[in-house]
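Every number in this text was worked out from the coordinates using simple rules, so none of it is lab data. What you are looking at is a predicted structure, and each value in this text was computed from that prediction instead of being measured. Cβ sites come from the backbone with ideal geometry, for glycine too, and all protein chains shown count toward neighbours.
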Amino acid sequence: MVMYTGSVAADAVFEPSNLSAGVFQIKYRSQAESKAESELRPIGVPRNLPHPLPYLAVVFELGDESAHVSGSKIQVTASPPGMDSFSTLRSNWMAAVKDLEEYRMARQGSSKRKRGKDAEEIRLQDTVKDEQFAMDSYNRFSISVRGSSPQVYGVLCQADIVDEFATLLRVTMPQPSEDDFMIEHMQPAQHLGDASACTAWMLDYVGQTGDDDTMGLDPQ
């Protein structure tokens, strides 16, 4: 959902700096995903400005009936007070990315390079993620909602569609089985990522190098 705070008059000039957004994610898993909210990013919203506009991140976990740490199924958070300026946060993130890239280049040039990531590369990668999250948290407002009962969504009672909504979820969004998760791990190129266990070996695989003309595979 994109929001524009500028003038929409016929003769007004469109200004990208007035763009903001609401980023939504809907899940139907029985177990809570602790990183779901933090991984929602303001993609497509101008964030390279001195003072980016506030944006909204919303997560609906319809299949999870557990409560947040606060005891409520609805959690509302805002960007923490006293944050550094956005330009400082962006500079910190860019410096972390540069350190990671330089370290990877140095490793690639080493004749003693081993397959996979070493402890230092993992540390640098975690630093990039932390700085990215700090930057994304600037002017961010988040809403995380768990469950699909009328106690959470009171509008279901007002519209008298409690049973109909439950039937809709049951028919269109069945809970994944253990077999479904196993199949995901058997599908190449599915759910690739640093935190994924699905074919994760493909990310850092390095073939033999030398005079045997074997091609090395290392997309990173």
Report task. Along Cα→Cβ, 7 Å out, is where each label goes; now give me the distance between the ones at SER85 and ILE143 in nm to one decimal. Result -> 3.3 nm
Query raised in the report: If eta is 1.306 mPa s and T is 10 °C, what Stokes-Einstein diffusion coefficient results for region 83-138, Kirkwood Rh from Cα pairs, in µm²/s?
Result: 131 µm²/s
Query raised in the report: What are the ³J(HN,Hα) values, in whole Hz, obtained from phi via the Karplus relation 6.51 cos²θ - 1.76 cosθ + 1.60 with θ = phi - 60°, for each residue of region 83-90 in sequence order, with x given for Gly and Pro?
Result: 6, 5, 4, 5, 4, 5, 4, 5
Report summary line: Going residue by residue through region 62-72, the Karplus relation 6.51 cos²θ - 1.76 cosθ + 1.60 with θ = phi - 60° gives ³J(HN,Hα) values, rounded to whole Hz and with x marking Gly or Pro, of 5, x, 9, 9, 7, 9, 6, 4, 6, x, 9
Report summary line: Contour minus Cα-Cα span, ASP130 to ASP11, at 0.36 nm per residue, comes to 38.6 nm
Query raised in the report: Residue separation times 0.36 nm, minus the C-alpha to C-alpha distance between ARG170 and ILE74: what's the value?
Result: 32.4 nm
Report summary line: If every Lys and Arg gets +1 and every Asp and Glu gets -1 at its Cβ, then about the Cα centre region 83-138 yields a dipole, in debye to the nearest 20, of 500 debye
Query raised in the report: Non-local amide H neighbours of ALA57 (under 5 Å, H modeled in plane, Pro and chain starts lacking H): which ones?
Result: VAL23, PHE141, SER142, ILE143
Requested in this report: Return a whole-number percent for the relative contact order of region 1-114, with Cα pairs under 8 Å and 6 or more residues apart as the contact set.
Outcome: 23 percent
Query raised in the report: Rounded if a/c is under 1.5, else prolate if a/b beats b/c, else oblate: with a ≥ b ≥ c from the C-alpha gyration tensor eigenvalues square-rooted, which is region 1-143?
Result: oblate
Query raised in the report: In nm, to one decimal, how far is the VAL155 label point from the ILE26 one, both placed 7 Å along Cα→Cβ?
Result: 1.1 nm
